[in-house]
1. Take the residues of the stretch 197-214 that are under 9 Å from the mean Cα position of the chain (by Cα) and closer than 20 Å to SER259 by Cβ: which is most open to solvent (accessible area, probe 1.4 Å)?
2. List, please: which pairs have Cβ atoms under 6 Å, are six or more places apart or on different chains, and start with a residue in the stretch 422-444 that is in contact (Cβ under 8 Å) with a residue 40 or more places away in the chain and end with one that is open to solvent by 30 Å² or more (accessible area, probe 1.4 Å) and not polar (S, T, N, Q)?
3. Among ASP305, ASP353, which is touching a residue at least 24 places away in the same chain (Cβ under 8 Å), of a type in the set (Asp, Glu) and open to solvent by less than 40 Å² (accessible area, probe 1.4 Å)?
4. Please work out which residue is farthest from ARG210 (Cα to Cα), limiting yourself to the stretch 242-295 and to residues that are aliphatic (A, V, I, L, M) and open to solvent by 70 Å² or more (accessible area, probe 1.4 Å).
5. Inside the stretch 397-435, can you point out the residues that are among the acidic types (Asp, Glu) and either touching a strand residue (DSSP E or B) at 6+ places or on another chain (Cβ under 9 Å) or at pLDDT 95 or above (or both)?
6. Which ones in the stretch 486-537 are on the phi > 0 side of the Ramachandran plot, open to solvent by less than 60 Å² (accessible area, probe 1.4 Å) and either among the hydrophobic types (A, V, I, L, M, F, W, C) or in a loop (DSSP other than H, G, I, E, B) (or both)?
7. Among VAL486, VAL490, which is in contact (Cβ under 8 Å) with a residue 60 or more places away in the chain and of a type outside the set (Phe, Trp, Tyr)?
8. Mind listing whichever residues of the stretch 125-141 are open to solvent by 10 Å² or more (accessible area, probe 1.4 Å), more than 13 Å from VAL224 (Cα to Cα) and out of contact with any helix residue (DSSP H, G or I) (no Cβ under 7 Å at 6 or more places or on another chain)?
Amino acid sequence: MATSPTTKIAELLARLELFTPVQIEELLTKYRQEGGSITDLLVSQGYAREEVFLEALAKAMSVPFARAGETNIAKDVLEKVPTKAIFQYNIIPLVMEKGSLRIATHDPFRPGLMDALRLATGLRIRFTLCPSIEIAKASKKLYGVGADTLERMIQDNRIEVAPEEDMLKDDLSELDQEASVVKFVNQIIWEAYQERSTDIHLEPMETDLRIRYRVDGVLHQTPVPPQLKRFQPAIISRIKVMAGMDIAEKRLPQDGRISLRIRGEEIDVRVSTMPTVYGESVSLRLLMRSSGMIGMDQLGLNPHDEAILKKLIHKPHGILLVTGPTGSGKSTSLYAWLHTINSMDKRILTLEDPIEYEMAGINQIEVRAEIGLTFAIGLRHILRQDPNVIMVGEIRDKETAENAIRGALTGHLVFSTLHTNDSAGAVTRLIDMGIEPFLVASSVEALVAQRLIRRLCQKCRRPRKMDEAYMASIAFPMDRLNEGIVYEAVGCEECRMSGFRGRTGIYEILVMTDQIRPLVITRASSNEIKQIALREGMRTLRSDGWNKVLAGVTTIEEVLRVSEEDEAMTEG
């Protein structure tokens, strides 16, 4: 009498000594009722971690165990298995061995798997056990994001754009539509979310459609299927439909917005299209609403600077300006300040373009230049709303600057941003706008320059040997090396092989003191102002960066990258 497949599975599981007889019986009962994957079932039931189970199973079955995501696979080996089979059976071909094709799978018990692969390839099949996450990693690297969706669309000859729907109806991580452009676009956004991306760029090239994600401030190209260019018009039209744009207008830039939910978290996506030689380039900025609600202790300020800022943001009036280039975290700092001082006895109004994060208890106004609601006009009317604190997204022109100063001089605390390279440069920028120096000196309380640097991955960082000549050339404080070790980036799976994970800030806080105000009134250069501030104890961007290098937070190269024009002077 033949032994049933489940009896063989039960005997094999018992040999592993990972499960009790009761667990094995429960597992097989569920398997008979629902089907699916034995591996997935035992992991979902919490009986064992997938990797532990597969390593033990590989030993019991006398087959290899491998991590496909770390394996280099030859192109001719990949071509032996149809792309459809790769995603249908969740497998990866690894290598040819003596006329046999070795295949990585996480479910060797799948009925008919061996026969199906033998039929599809015409080769003898040998299994290697591999965690499903490693197979997914390898398939994404080798075939590109959404390759399974595009493969099915090509087979069905479908490139339609689905009608607009309410994206907040469903959680994006749970959507399981049939193969379509809708699903592919959702996969792009879902992938970006998993990678902690802040931006997605779809860039049409002559022969392909390039997709890049910005992670921790640095762009990374993501693998895409080679046939993606064929679906370019449909993909871009789908994004425009989601963002409420005119899909017929392809000659002019457009802006739009998408609201969606991923794993219960509501996300706003700002969409911008721009016509290029080979089609419309699309940029998507992902704004996680919850990530804006951070406290000052999470900004990366050193204790000295944090104490100064906490004192400044509780002042009754004056202007606090944050300076730095686009993407340096200025808005995040402003939100952290507002979050810190937000209370029932303060009326706080903001004027933003656009509103990036919604904050409870704060009156937020979005600039709409097309109907005449600009920063300057909005700020003029905000002053009639009896505010205690005003946050202006950006000072872009003389009128906005004048209204901000008027607000500060009439008893309001004003937070805003300005695009300058350092803190002292903000003074000359305001004067260049046409603001009288005495008004700048009397209204501005402090200027904060900031940059974002990537944090070293704590899992793979390692100490580095110092080249004294190089360190001297960059004015690194070698005398302080005995206080800490300098680390370098290495790269591991945890950090996407970049060596970095997450970002933090470096800061330069220039407080408008009695020694600096006369210099502003006499139109002194930014260098003169900075020299006096340094004598009074200000720490420069680069100095704060060196502190974070010594603390093992970041690398020397990161500090040099973001503060390359920071200072040519000697700190006095």
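1. THR198
2. PRO437/ILE521; PRO437/ARG523; PHE438/ILE521; ALA441/ARG517; ALA441/ILE521; SER443/LEU409
3. Details: ASP353 fails: open to solvent by less than 40 Å² (accessible area, probe 1.4 Å).
Checking each option against the conditions leaves just ASP305.
4. Here is the first cut: in the stretch 242-295, the residues aliphatic (A, V, I, L, M) are 242-243, 245, 247-248, 252, 258, 260, 262, 267, 269, 271, 274, 277, 282, 284, 286-288, 293-294.
Those left that are additionally open to solvent by 70 Å² or more (accessible area, probe 1.4 Å): 247-248, 252, 274, 277.
On the way: ILE247: 20, ALA248: 22, LEU252: 21, MET274: 15, VAL277: 14 Å.
Residue satisfying both the conditions and the ranking: ALA248.
5. Residues of the stretch 397-435 that are among the acidic types (Asp, Glu), as a first pass: 397, 399, 402, 422, 432.
Residue satisfying the conditions is ASP422 alone.
6. GLY491, GLY499, GLY537
7. Only one candidate qualifies: VAL486.
8. ARG126, PHE127, ILE133, ALA136
The values are calculated or read from the model by the stated rules, or taken from the named source; none is laboratory data. Note that the coordinates shown come from a computational prediction; the quantities given were computed from them, not determined experimentally. In this analysis, Cβ positions are derived from the backbone assuming ideal geometry, glycine residues included, and neighbour counts consider all displayed protein chains. Accessible surface is based on the protein model in full, side chains and every heavy atom, while ligands, DNA and RNA are left aside. Shrake-Rupley method; radii C 1.70, N 1.55, O 1.52, S 1.80 Å.
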